[in-house]
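> Below are the structure tokens for one structure; questions will follow.
The values are calculated or read from the model by the stated rules, or taken from the named source; none is laboratory data. Since the structure is predicted, the reported quantities are computational estimates derived from the model, not experimental observations. Virtual Cβ from ideal backbone geometry, glycine too; neighbours counted across all protein chains shown. With ligands, DNA and RNA removed, areas are computed over all heavy atoms of the protein, side chains included. Shrake-Rupley method; radii C 1.70, N 1.55, O 1.52, S 1.80 Å.
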Amino acid sequence: GEVKAKLHRKPLHWWTLKTATVSRTPTGRYFCSLTFSYPVKARKPVLPTAETTLGLNYSLSHFYVDSQGNRADPPHWFQASAEKLAKLQRRLSRMQQGSKNYREQVRKIQRLHEHIANQRKDFAHQQSRRLADTWDAVCVQDTDLTAVARTIRLGNVLDAGYGLFRLFLQYKLENQGKAYIPVERYFPSAKTCHHCGAIYHDLPAQARRWTCPACGAELDRARNGAENLRDQGLLQFYQTHGAA
């Protein structure tokens, strides 16, 4: 029968329904994802320039640092809820498995995890929307975050949701005819001097600032990397599209 629903977007009468996917979260919330087809006018691609292109450098402590020197600095949602989560799990460990109280405690833990995931997703949506509306192109290094999470022990890499943010940013840019430009993951953005192009192969991993041994420029590691990603991304774009 009919059920109450919150519609995030109402379809128009001339749209054609293609698929309907019903999903259920661990906390018992239901979602129905509808796919419609309808004709749209082709968007004219936006050709980026150096002034309208942004480079984003992934940062464990700041989420990202861009080529303008700005930092995102999101809250660490999982860390903020760690104490509450640990308390709920301790209570669960003292309950009889399968009992009514046990099942209710499991639901409380699931609700907290879902709340953290929603906070992470909301932040990713807000940041990606702001960047997509402001810039004609965004250059992002194709970093393997799963591999980074296995090698870095100083923080929870996956808690920030940077991979989710990249997906949101890509489709929002492309929906506006703008360019999302992934830069090859092994490009030495952090070790390359933005001023002279020299590569400092012996740059220590913990160095936040460094001096170029070739030209003597004083560099902020994160911003310098973002500027290099912007320039490399633009180079890739023009090589692919044959524009200058």
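> Checking CYS196 against (1) within 20 Å of LEU60 (Cβ to Cβ); (2) open to solvent by less than 70 Å² (accessible area, probe 1.4 Å); (3) assigned to a loop (DSSP other than H, G, I, E, B), only one condition comes out false. Which one?
Result: CYS196 passes all but (1).
> Condition test on THR35, is it modelled with pLDDT of 90 or more, within 30 Å of VAL138 (Cα to Cα), open to solvent by less than 100 Å² (accessible area, probe 1.4 Å) and assigned to a loop (DSSP other than H, G, I, E, B)? Give the derivation first.
Details: modelled with pLDDT of 90 or more: yes; within 30 Å of VAL138 (Cα to Cα): yes; open to solvent by less than 100 Å² (accessible area, probe 1.4 Å): yes; assigned to a loop (DSSP other than H, G, I, E, B): no.
No; evaluated as a whole, the condition is false for this residue.
> Among the listed residues ARG91, ARG103, ARG71, identify the single one that is over 27 Å from PHE165 (Cβ atoms) and surrounded by 13 or more Cβ atoms within 10 Å (Cβ to Cβ).
Working: ARG103 fails: surrounded by 13 or more Cβ atoms within 10 Å (Cβ to Cβ); ARG71 fails: over 27 Å from PHE165 (Cβ atoms).
Result: ARG91 is the single residue among ARG91, ARG103, ARG71 that is over 27 Å from PHE165 (Cβ atoms) and surrounded by 13 or more Cβ atoms within 10 Å (Cβ to Cβ).
> Quick check: is even one residue across region 6-24 within 26 Å of ARG103 (Cα to Cα), assigned to a loop (DSSP other than H, G, I, E, B) and of a type in the set (S, T, N, Q)?
Applying the first criterion (within 26 Å of ARG103 (Cα to Cα)) to region 6-24 yields 22-24.
If we keep only those that are assigned to a loop (DSSP other than H, G, I, E, B) as well, we get none.
Taking every residue of region 6-24 in turn, none turns out to be within 26 Å of ARG103 (Cα to Cα), assigned to a loop (DSSP other than H, G, I, E, B) and of a type in the set (S, T, N, Q).
> From the list GLU114, GLU104, GLU83, pick out the single residue that is outside any loop (DSSP other than H, G, I, E, B), among the acidic types (Asp, Glu) and touching a residue at least 40 places away in the same chain (Cβ under 8 Å).
Numbers: GLU104 fails: touching a residue at least 40 places away in the same chain (Cβ under 8 Å); GLU83 fails: touching a residue at least 40 places away in the same chain (Cβ under 8 Å).
Only one candidate passes the filter, namely GLU114.
> Oh, and also: Would you pick out the residues in region 117-150 that are of a type outside the set (Lys, Arg), more than 12 Å from the chain's Cα centre (by Cα) and either part of a helix (DSSP H, G or I) or farther than 23 Å from PHE187 by Cβ (or both)?
Passing the criteria: ALA117, ASN118, GLN119, ALA132, ASP133, THR134, THR146, ALA147, VAL148, ALA149.
> Quick one: what pairs do we get from region 130-143, first residue acidic (Asp, Glu), second crowded, with 21+ Cβ neighbours inside 10 Å, C-beta under 7 Å, 6+ apart or different chains?
ASP136/PRO48; ASP136/THR53; ASP136/LYS178; ASP142/VAL183
> Inside region 215-244, can you point out the residues that are aliphatic (A, V, I, L, M), open to solvent by 20 Å² or more (accessible area, probe 1.4 Å), within 12 Å of PRO48 (Cβ to Cβ) and in contact (Cβ under 8 Å) with a residue 24 or more places away in the chain?
Selection gives ALA243 alone.
> When you scan region 151-160, do you find a residue that is at negative phi, in a helix (DSSP H, G or I), at pLDDT below 95 and open to solvent by less than 30 Å² (accessible area, probe 1.4 Å), even just one?
yes
> Here are the criteria: (1) under 30 Å from GLN89 (Cβ atoms); (2) crowded, with 16+ Cβ neighbours inside 10 Å; (3) more than 15 Å from the chain's Cα centre (by Cα); (4) among the hydrophobic types (A, V, I, L, M, F, W, C). Tell me which single one PHE187 does not satisfy.
It is condition (1) that PHE187 fails.
> Report every pair of residues separated by at least 6 positions or lying on different chains whose Cβ atoms are under 6 Å apart, first residue within region 10-32 and over 27 Å from GLU104 (Cβ atoms) and free of Cβ contacts under 8 Å to residues at least 24 places away in the same chain, second of a type in the set (Ser, Thr, Tyr) and outside any loop (DSSP other than H, G, I, E, B).
THR16/SER37; LYS18/THR35; LYS18/SER37; THR19/THR35; THR21/SER33
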